[in-house]
Each structure stands twice: as structure tokens, then as C-alpha cells.
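Contents: one structure, followed by commentary.
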Amino acid sequence: MNKSITIHSPLGDRIIDNDSEAFIIAEMSANHMMDFDRAVKIIEAAKWAGADAIKLQTYTPDTITIDCDNKYFQITQGTIWDGTTLHKLYETAYTPWEWQPKLKSIAEDNGLICFSSPFDFTAVDFMEQMDMPIYKVASFEITDIPLIRKIAKLKKPIIISTGIAYPDDIELALETCREEGNEDVMLLKCTSAYPSPYEDINLKVIPDMAEKYQVITGLSDHTMGSAVAVGSIPLGAKIIEKHLTLKREDGGPDGAFSMEPEEFREMVDNVRIVEKALGKVTYDLTEKQIKSREHSRSLFVVRDIKAGDIITSDNVRSIRPGFGMHTKFYEDILGKRINRDIHMGTPLEAEYIEGYVETKKNKK
């Protein structure tokens, strides 16, 4: 799969493809805790930690749900938010819309791409007023086909999380985007549990999803620590999304499973190291490796030998370094006669052996 997607932003074009570095997103979510200055500090921390982008969420309690406390709206799914209603949760978690143009400008001043997840039509329209360069469809909105269709019509790149999706859901979402002529869709492997147990992550889905759906894939990660995110890179992840907060102990709806800035920076550093280490498929040696071959094994004279002496295991051995004949000729030369005096420590050469003709067979 050879796919390339270009994100057009005020910072310039950012290309995501098989050869690019992973696009690393710091998810602010509710970690601003209704404090604008804290939101700004999270943006600054994201820049310091090496993120490429900061992501917001665009909704209000009344655009994402309704204020109802019957059994359907109670949170009882075994989450960290159990015991409240959807509306009450979102009252504490949403990002005030009047902040968002300011936060986008501050993010761009810090060299970060800023975008958001819309949760209804009005949020999409609002994001278009801000000219956000990417749209993110959250896991729980993958079944909202009218919303996906409206986003797809904008012909901007779309990132879709798949945390609660069956294959049919993924296929319908992609089909909807393609019906609107939008092929710039990326899928994130996601496990919608907060925090997510490691054994439920199934990173092997990332390359399978890329092959099955012919899209760029990545990871929306809610596990603790950075091991899972870093481990996704060798499997082809080109996008990593992690929640970022200033301090977990500060609390907030998402604080418990969010990264602190130092942890985020360590993750980014390790991702970049792994990307460099993956390199390419090649059996060529670097100049340093070629030089290091001098310390490999070869055949050396290990005792003084006189002309006419026979080569034995006592006077010729396979040792380091690698300046003598190749060790593959060892059995072939045992019992043959030396044609000159040779001092201990001399690399053995074919020309020192009486009647031993150097051919392709016995060249180094």
C-alpha cells in the first residue's frame, strides 16, 4: 500500500506516507479543566514534548447529548466515569467554543498543527470558520454516517478512530467518505477503555487494517506509559495520538490515563529513535561495519614455521583479526607444506603454501 496524504496548514504542507515520520498528536480533551490559561500551558507543553499537533474537541453538552438522567443516559459501562450521566460528564469536559480560535492561533504560533473532533453539524461549521486543516472522527462517532458525510464533503484529510467499530462500521465509514470523493482517510487502531489494558490492544491490527482497507493507519492509545505507542512504529503506525495533561494528580475527566509532559517527550524521543533504527531492507555494510570486519576471524600463523614444515592445527589457527585467509579453507590446507619461513603473528596467504594455486575457490 503506497498512500500519501497532505495536510495543508498555515505552517506549510505536512505529508503523511510510508516514508514519513509518524504524525504525533497531543490530545488535550478535557485536561484544560475549564481553565483557559491551563489550556495554553498544555499547548506549550505539547510543543516542548515534540508533538506535531494539538487536538481539541468541539461540542457542548447539548450538542453531544441531552440533559436526561433516565437509565439510557447513566454511565454504567465500567468506566472511570461511572455514577454520573452523559450530560453531567460533558459539562465538565467540553472545550468552550470561544476559546478555540484563540487556542488554534496560539498552537500555530508554537509551530503545532491544531485541529479538532466535531460531534455534530454545528461543530463542523464552526471548525470550517476556523479553517481547521484536518477532521478527527472519534471512536463513538464512527456510526454517525450523516456527520461523516458532512465532513467528507469538505475534501480535507480525515482521521477516524475505530475503538468501538466492527468491520462493517469501518467499511461503511470509508464507503461514505469515498462516495463524497474523499480518499484522504486515515484509520487509528483504538481500544475504547480508559485506561486500556495492554492485552486488549492488539497492535497487529495496524498493518492488517492498512492492507485490508488500503489506508494509512496509526494508533489512538489510552494505555499507561509509552511502550505501546513506541511498539506500534515497527508495525507501520504513521499516526500516534495520546492524551496530554500537565499533572495527572490535578485530576479531571481524562487525567488518570493522560501523559505528563516529561513522559510525552520520552515517548516522542523513543519513537524517533525506533524510526531511525528501522531504516530500510539492505544487506550492504556501512563504512564502519566494513572497517570492523578487520576484527573478524581469519587464518594466522600462531607459531614460527620453517620452509618445508607441514601446516597443522598447532601452527595455524582461526583467530581474530581478519587479515589472513578465510577460515573456510582451514580443512583444505591442513597437511600442506609451507614454502618459506614465517613468523608467528603473520596472516596466512595462499602464496605461502607449496603448490597451492589461488583460485576462486580459495580466494578470501
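Just so it is clear, none of the values below were taken in a lab; they were calculated from the coordinates. It should be emphasised that the depicted structure is a prediction, and the values quoted were computed from it without experimental measurement. Because the Cβ atoms are built from the backbone with ideal geometry, glycine has one as well, and the counts that use them run over all protein chains shown.
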Order by protection proxy (mean Cβ within 10 Å, highest first), peptides 294-303, 181-190: 181-190, 294-303
D125 versus E349: modelled label distance in nm, points set 7 Å from Cα along the beta carbon direction: 8.7 nm
Charge dipole magnitude, Cβ of K and R +1, D and E -1 - the stretch 1-80, Cα centre, debye nearest 20: 80 debye
FRET efficiency estimate (nearest 0.05) - Cβ-Cβ, D144 to E287, R0 35 angstrom: 0.05
Long-range amide H partners of D254 with built H, under 5 Å: A30
Charge dipole magnitude, Cβ of K and R +1, D and E -1 - the stretch 34-109, Cα centre, debye nearest 20: 160 debye
Nearest-20 debye value, the chain charge dipole, Cβ charges on Lys, Arg, Asp, Glu: 2080 debye
Cross-link partners of K153 among lysines (Cα-Cα below 17 Å; sequence separation of 8 or more within a chain): K136
q = 0.10, 0.18, 0.23, 0.25 Å⁻¹, the stretch 272-364: log10 I(q)/I(0) [Debye, one scatterer per Cα]: -0.35, -0.78, -1.13, -1.28
Virtual paramagnetic centre 7 Å along Cα→Cβ of D109, amide N under 16 Å, in the stretch 25-62: 36-48
(i) 1.01; (ii) 1.27; (iii) 1.06, with the label sought being that of the calculated Rg/Rh (Cα atoms, Kirkwood Rh): (ii)
Amide H within-cut-off set for F23, under 5 Å, with H built and near neighbours excluded: I239, I240
Length added when fully stretched, Q77-L235, from 0.36 nm per residue minus Cα-Cα: 53.8 nm
For the stretch 169-300: relative contact order, % (alpha-carbon pairs under 8 angstrom, 6 or more apart): 18 percent
Fluctuation leader among F329, F115, F23 - the chain, Gaussian network, Cα springs under 10 angstrom: F329
Ordering of 260-273, 148-161 by burial proxy (mean other Cβ atoms within 10 Å per residue, highest first): 148-161, 260-273
Angle between the chain longest axis and helix 261-278 axis [Cα atoms, degrees, rounded to 10]: 40 degrees
Helix-derived mean residue ellipticity, 222 nm - over the chain, DSSP H n ≥ 4, -39500 (n - 2.57), to 500: -8500 deg cm²/dmol
Separation between Cα centres of the stretch 106-128 and the stretch 64-78, rounded to whole Å: 27 Å
Protection proxy ranking of 209-219, 224-234 - average other beta-carbon atoms within 10 Å, highest first: 209-219, 224-234
